[in-house]
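Structure record follows, encoded as structure tokens.
The values are calculated or read from the model by the stated rules, or taken from the named source; none is laboratory data. The structure displayed is predicted, hence computed values, not measured ones. Methodologically, a virtual Cβ is constructed for each residue, glycine included, from the backbone with ideal geometry; neighbour enumeration extends over all protein chains shown. Areas reflect the complete protein model, heavy atoms only, side chains present, ligands, DNA and RNA absent. Shrake-Rupley method; radii C 1.70, N 1.55, O 1.52, S 1.80 Å.
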Amino acid sequence: MPSKSTVGLYSCGPTVYSFPHLGHMRPYVLADTLRRALAWKGIEVRQVVNITDVGHAVADSDTGEDKLEVAAARELRSVEEVAAMYTRAFLEDMAAMNVQPADEYPRASAYVPEMIEFASRLEELGYTYLLPSGLYFDTSKSPGYGTLALMDIAGQREGERVELVEGRRHKSDFALWRPEEPGKRRVMRWESPWGWGAPGWHLECSVMSMLLLGDHFDIHTGGIDHRELHHVNEIAQSEAYLGDGQPWVRYWLHNEFLVIDSAKIAKSAGPVPRLADLVASGFHPMAYRLFLLGGHYRSQLDFTMAAVEAAQATLRRLVTRVEPLRPLPSVSTLAEAVTLAGDNPATKAYLDQIDAAISTDLATPRILATLQESLRDPALTESGQRLVVAAADALLGLRLGSLELREVEGRASVADLPADEVARIKALVAERTQARVAKNWSRADEIRTELEKLNVQVTDTPSGPVWELR
Ligand SMILES: [Zn+2]
């Protein structure tokens, strides 16, 4: 449990039944930016990200099969194998995106007894009713239901994600427990006062966040798609459970969607590119991070190849410009940066701009602009530039202190190179061979350097030189 001076941060995590796609990176880059912003202000953070490995029914609804079990049947694996594989894929993508690891990644399946206790308490308090399809939370008993999403409760939303359930009193009522359907034995099943079955999806976040961060905590983050259903339901059950009249969580931050061809990216919509697809196309994960940070988290962001190419070009320019300034000073807080700036007014002015930007609802596009401006500014000394880059990157997390140009460039495969570039490389390699035959070593070395700039590595073998991209 965090101490009083530590901010408790809960970020809704992945349902681990398929590979995360590009749209799934956005909520975690937001949460990571928030963590960096709080660290910048000298505030300690304890972050919990849940791993949903049970209870999430297909189509975010309350009924039907469990997403994990559907995936296990599809892939002819056990549910545990499916969960482990996609959890690993998620964590690998997070690391590639330079998202700092959470303090805890609780798995929902490890907290089912606590969820049963939580639901039992709600039952005792009179917030529930039992149907053959499950134990339901009666949202009409929750006075502030839907406030987070500014929902019109009288009209009871007719969202396509809310399916018809026999006997349900209000459309917004949701399942706390989903018993097995008669004759259909679940793979993941627990015994409960309401029969063998599994918890409803919303329950895990309330239960695990309270256990790991305390009954009330500071900040809850997630995608905008969670605001009107998942988060509203988390709040209703948590505040009913606590019954102390206090808001359960103080602040909520939601990131907007990543939009491809104006259609929301959802797993159900079909294959959407993954980070691995971008990398295979020659883009560096930091270029994708830069692309995400180039938009404000509360704005929809259009994913286009042109935009990611522009981000890759910006990253290349930044790294080219920053490499000669290294090593950068180690800076993670404003206070450290200000101390290092001494009484240099130009440097201080840039630090102020960066601080003002992050303090204005995490305005990362402004920090990027300030960073680029500082690198062009003749009024800034080299040590000033070094400090401004380090400060900006403490918030942006683009690995500007260590990312090498050849890493940024070296992702292409020969097959992706345009024909004229391949021809040029071949010509240089042939010229180098001739220079070596003529014992013109200096020319041969010159060409090798030139090839290195193109990320081409030449190795001399008994049957002649071979080359590859680094
Ligand atoms: Zn959640």
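Checking each residue of region 55-70 against the condition of being within 23 Å of residue 226 (Cα to Cα), hydroxyl-bearing (Ser, Thr, Tyr) and at pLDDT below 90 gives at least one match. I need the full set of residues from region 24-46 which are more than 24 Å from residue 291 (Cα to Cα) and either touching a Lys or Arg at 6+ places or on another chain (Cβ under 9 Å) or of a type in the set (D, E, K, R) (or both), in order please. 41, 44, 45, 46 - these are the residues of region 24-46 that are more than 24 Å from residue 291 (Cα to Cα) and either touching a Lys or Arg at 6+ places or on another chain (Cβ under 9 Å) or of a type in the set (D, E, K, R) (or both).
Take the conditions (1) open to solvent by 10 Å² or more (accessible area, probe 1.4 Å); (2) in contact (Cβ under 8 Å) with a residue 24 or more places away in the chain; (3) away from the ligand (no atom under 13 Å from the Cβ); residue 245 misses just one of them, which is (2). Does residue 49 meet the test of being under 22 Å from residue 253 (Cα atoms), β-branched (Val, Ile, Thr), modelled with pLDDT of 90 or more and surrounded by 23 or more Cβ atoms within 10 Å (Cβ to Cβ)? Yes; evaluated as a whole, the condition is true for this residue.
Examine region 209-220 for a residue that is within 12 Å of the ligand (Cβ to nearest atom), within 18 Å of residue 252 (Cβ to Cβ) and at pLDDT 95 or above, and state whether such a residue exists.
From region 209-220, those within 12 Å of the ligand (Cβ to nearest atom) are 209, 220; that's our starting set.
Okay, now just the ones that are also within 18 Å of residue 252 (Cβ to Cβ), so 209, 220.
Applying the additional criterion that residues be at pLDDT 95 or above yields 209, 220.
Scanning region 209-220 turns up at least one residue that is within 12 Å of the ligand (Cβ to nearest atom), within 18 Å of residue 252 (Cβ to Cβ) and at pLDDT 95 or above.
For residue 178, the test of being away from the ligand (no atom under 16 Å from the Cβ) and outside any strand (DSSP E or B) is failed. Checked against (1) in a helix (DSSP H, G or I); (2) surrounded by fewer than 18 Cβ atoms within 10 Å (Cβ to Cβ); (3) at pLDDT below 95, residue 167 passes all but a single condition, namely (1). Every condition in (1) among the aromatic types (Phe, Trp, Tyr); (2) more than 10 Å from the ligand (Cβ to nearest atom); (3) crowded, with 21+ Cβ neighbours inside 10 Å holds for residue 196 except the one numbered (3).
Summed over region 196-241, the residues that are closer than 18 Å to residue 28 by Cβ, in a helix (DSSP H, G or I) and β-branched (Val, Ile, Thr) give a count of 1.
Starting from residues that are modelled with pLDDT of 95 or more and not in a strand (DSSP E or B), keep the ones in region 1-13 and report whichever is nearest to residue 53 (Cα to Cα). Here the answer is 13.
Could you please let me know if residue 181 is at pLDDT below 90 and either among the small types (Gly, Ala, Ser) or open to solvent by 50 Å² or more (accessible area, probe 1.4 Å) (or both)? Let's see the steps before the verdict.
On the way: at pLDDT below 90: yes; either among the small types (Gly, Ala, Ser) or open to solvent by 50 Å² or more (accessible area, probe 1.4 Å) (or both): yes.
Criteria met by residue 181.
Pairing each residue of region 318-342 that is open to solvent by 60 Å² or more (accessible area, probe 1.4 Å) with any residue that is modelled with pLDDT of 95 or more and in a helix (DSSP H, G or I), provided the two are 6+ apart or on different chains, yields C-beta distances under 7 Å for 321/375; 338/351; 340/387. Exactly one of these conditions fails for residue 175: (1) open to solvent by 10 Å² or more (accessible area, probe 1.4 Å); (2) within 18 Å of residue 127 (Cβ to Cβ); (3) more than 22 Å from the chain's Cα centre (by Cα); (4) touching a residue at least 12 places away in the same chain (Cβ under 8 Å). Give me its number. Status for residue 175: all satisfied but (1).
Here is a check on your reading of the model: is residue 203 more than 12 Å from the ligand (Cβ to nearest atom) and touching a residue at least 24 places away in the same chain (Cβ under 8 Å)? No: the conditions fail for residue 203. Residues in region 14-36 that are at pLDDT below 95, within 14 Å of the ligand (Cβ to nearest atom) and of a type in the set (A, V, I, L, M, F, W, C): 16 alone.
Of all residues in region 355-376, which are within 16 Å of residue 295 (Cα to Cα), open to solvent by less than 40 Å² (accessible area, probe 1.4 Å) and hydrophobic (A, V, I, L, M, F, W, C)? Hits for region 355-376 are 357, 358, 362, 363, 367, 368, 371. Here is a check on your reading of the model: is residue 379 open to solvent by 60 Å² or more (accessible area, probe 1.4 Å) and of a type in the set (Gly, Ala, Ser)? When the stated conditions are applied, residue 379 passes them. What are the residue pairs meeting all of these: first residue in region 446-468, first residue under 13 Å from residue 436 (Cβ atoms), second residue polar (S, T, N, Q) and exposed (fewer than 11 other Cβ atoms within 10 Å of the Cβ), Cβ atoms under 7 Å, and 6 or more apart or on different chains? Matching pairs, first to second residue: 465/459. Quick one: which residue in 303, 283, 257 is over 30 Å from residue 44 (Cβ atoms), open to solvent by 30 Å² or more (accessible area, probe 1.4 Å) and either touching a Cys at 6+ places or on another chain (Cβ under 8 Å) or among the aromatic types (Phe, Trp, Tyr) (or both)? Unique residue meeting the criteria: 257.
Looking across 108, 72, 83, one residue alone is among the small types (Gly, Ala, Ser) and either within 16 Å of the ligand (Cβ to nearest atom) or surrounded by fewer than 20 Cβ atoms within 10 Å (Cβ to Cβ) (or both). It is 108.
Being within 16 Å of the ligand (Cβ to nearest atom) and on the phi > 0 side of the Ramachandran plot is true for just one of 55, 126. Which residue is that? Walk me through it before giving the result.
On the way: 126 fails: within 16 Å of the ligand (Cβ to nearest atom).
Exactly one of 55, 126 is within 16 Å of the ligand (Cβ to nearest atom) and on the phi > 0 side of the Ramachandran plot, namely 55.
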